[in-house]
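Report on the following structure.
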């Protein structure tokens, strides 16, 4: 599994909360278009947003970069933040999901 990770550092939590809907909408729309196998978006109390995007193949990752890779530059036109990121191969992932019975 391949992963693209972004770390966005905003001046404070309020700024991150204002930017969060843009991040979730943009990347949420990319799920079917880029055949994502996973997407995790976290917001921290210090104004950080962490994004992990997972792909099953290099072709899917390249499609994402081609069609959605510029979302950081688009955000920089509106929001004040610093960003870092990297591509990697997932070496360990754990997700325990329990089915809820209503």
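Would you be able to tell me the number of residues in the range 67-98 that are closer than 18 Å to residue 54 by Cβ, in a loop (DSSP other than H, G, I, E, B) and touching a residue at least 24 places away in the same chain (Cβ under 8 Å)?
2
Out of all the residues in the range 30-64, which are surrounded by 13 or more Cβ atoms within 10 Å (Cβ to Cβ), free of Cβ contacts under 8 Å to residues at least 60 places away in the same chain and either part of a helix (DSSP H, G or I) or out of contact with any strand residue (DSSP E or B) (no Cβ under 9 Å at 6 or more places or on another chain) (or both)?
The answer is 30, 31, 60, 61, 62, 63.
Considering only residues that are assigned to a helix (DSSP H, G or I) and more than 12 Å from the chain's Cα centre (by Cα), look in the range 1-29 and name the one that is surrounded by the most Cβ atoms within 10 Å (Cβ to Cβ).
So the residue we want is 16.
Quick note: the coordinates plus some simple rules give every number you see, no bench work behind them. The structure displayed is predicted, hence computed values, not measured ones. Glycine also receives a Cβ, built like all others from the backbone with ideal geometry; neighbour counts cover every protein chain displayed.
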